[in-house]
Every structure is written in C-alpha cells, then in structure tokens.
1. I'd like the FRET efficiency for Thr174 and Lys80, computed as 1/(1 + (r/R0)^6) with the beta carbon distance as r and R0 of 30 Å, rounded to 0.05.
2. Can you flag which of Lys104/Lys136; Lys48/Lys170; Lys28/Lys80; Lys55/Lys149; Lys28/Lys187; Lys43/Lys170 are past 24 Å Cα-Cα?
3. Calculate the dipole size of the range 75-190 relative to its Cα centre from +1 charges on Lys and Arg beta carbons and -1 charges on Asp and Glu beta carbons; express the result in debye to the nearest 20.
4. Under the rule of at least 5 residues apart or a separate chain, name every residue whose amide H is placed under 5 Å from the amide H of Asp91.
5. What accessible area per residue comes out for the chain, rounded to a whole number of Å², with a 1.4 Å probe?
6. Which of rounded, prolate or oblate describes the chain when judged by the alpha-carbon gyration tensor and an a/c cut-off of 1.5?
7. Summarise the accessible area of the chain (1.4 Å probe, protein heavy atoms) by the percent that is carbon and sulfur.
8. For a bin width of 10 Å, list the pair-distance distribution of the range 41-92 built from all Cα-Cα distances, rounded to whole %.
Amino acid sequence: MYIIAGLGNPTKTYEGTRHNVGFRVIDKIAQDYHISVDIKKHKALCGKGVIEGQKVILAKPQTFMNLSGESIRAMADYYKVDPQDILIIFDDVSLDVGQLRIRKKGSAGGHNGIKSIIAHLGTNEFPRIKVGVGEKPKGWDLADYVLGKFSGEDAGRIDEAAADASSAVKIILTQDIDAAMNQFNAKKKA
C-alpha cells in the first residue's frame with residue numbers, strides 16, 4: 001500500500017494558492033483514477049483506491065501546512081506504511097512554474113510542511129514530487145507569495161504540471177521512482 005499525500009492548507013481561503021499545489025495534484029490523481037477523497041480521517045481528507053493494481057490512500061492533510069507531519073504520521077501508523085512508500089507532493093519556489101522535480105529523499109529545503117513530516121516520521125527518506133510555483137518577486141514576503149493565486153499563463157502551466165504529476169505517480173507505482181525521475185526531472189522549455 002502507498003500513501004500519496006498532497007500538501008496544502010484547508011478552507012476556501014487557500015483554494016487555488018501556490019501553497020495548495022499539492023491538493024490540486026491529489027484532485028487530478030483522484031479524477032484520473034476515480035477515487036473519492038472525502039473521508040475525514042487522520043486529520044486529513046482521504047480516499048482509498050487502486051492505481052495500476054496498487055492499493056493507495058490519497059490524502060490532503062487538513063492540519064494546515066506547518067503541521068502536515070501530524071496527519072502523515074497518523075496515516076503511516078494506522079496503515080503500517082513505511083516512509084519509502086509515502087509519496088509527498090508539494091510546492092517549490094526554487095523551480096519554474098510547472099516544473100517537476102522528483103526525489104527519493106532529501107532535506108526540507110526551507111519548506112515548513114516537509115520539516116513537519118521529517119520531524120514526525122523521524123526520517124527524510126521518503127519520496128516526493130516537487131511542483132514549481134516560481135520564485136517570489138524581489139521585495140515580496142515569501143508567505144504572501146505562496147498564499148497568492150496563479151493567473152494567466154501560470155494557471156495553465158500548473159494544470160499541465162498536475163497532469164504530469166499524475167503521470168509520474170503512475171510511473172512510480174508501475175516501474176520505479178528512477179524511471180519517473182528520468183522522464184520528469186528534465187527542465188521544461190518555456
């Protein structure tokens with residue numbers, strides 16, 4: 001079994017923001033594989049399903065970003081899933097809008113949701129899909145930037161990135177993470 005969790009903030013206030021890209025990707029995966037993500041459990045909205053023959057839990061933690069680890073740990077304990085079978089999807093300001101970066105493990109890189117997960121799991125060895133939301137403009141506060149919404153071309157790029165991330169999940173589950181990294185980690189041409 002795999003837990004596939006997209007990070008974001010709950011409530012309508014944060015819908016469509018850069019920080020909620022993880023939720024957006026989970027919605028796309030749920031749509032692609034006809035999985036309802038509507039069960040409130042483990043401080044998250046969850047849905048059980050099957051992707052390419054693999055049992056999965058899709059999850060959108062409802063703890064707010066900085067406490068995401070509470071929800072991930074609760075699911076890991078309940079379903080007895082090892083960290084290497086927990087795939088986390090989240091926003092990254094160091095990548096161009098729509099660019100994916102898939103990793104087997106790594107540091108938090110300043111992302112508070114990932115810091116929380118590392119603290120609660122006691123390891124940084126879990127796979128992740130980073131979705132680029134673009135670098136904050138000079139003079140902007142980082143929190144204001146990531147809590148802002150996409151517009152224009154960026155909105156379209158994020159829709160494409162969500163579709164790419166759903167495809168990457170399929171490759172990770174049917175082949176391996178290396179195959180997904182080889183296909184999606186190359187820099188996209190603007």
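1. Once rounded, the FRET efficiency stands at 0.85.
2. Lys104/Lys136; Lys28/Lys80; Lys55/Lys149; Lys43/Lys170
3. Numbers: 16 positive and 17 negative charges, 48 e Å.
I would put it at about 240 debye.
4. Amide H neighbours of Asp91, under 5 Å, 5+ apart: Val21, Gly22, Val131.
5. Accessible area per residue: 49 Å².
6. Here the chain falls in the rounded category.
7. It is 48 percent, rounded to a whole number.
8. In whole percents, the pair-distance histogram is 23, 59, 18, 1.
The values are calculated or read from the model by the stated rules, or taken from the named source; none is laboratory data. As the structure is a prediction and not an experimental result, all values here were calculated from the model. Cβ sites come from the backbone with ideal geometry, for glycine too, and all protein chains shown count toward neighbours. Side chains included, ligands, DNA and RNA excluded: accessible areas come from the protein's heavy atoms. Shrake-Rupley method; radii C 1.70, N 1.55, O 1.52, S 1.80 Å.
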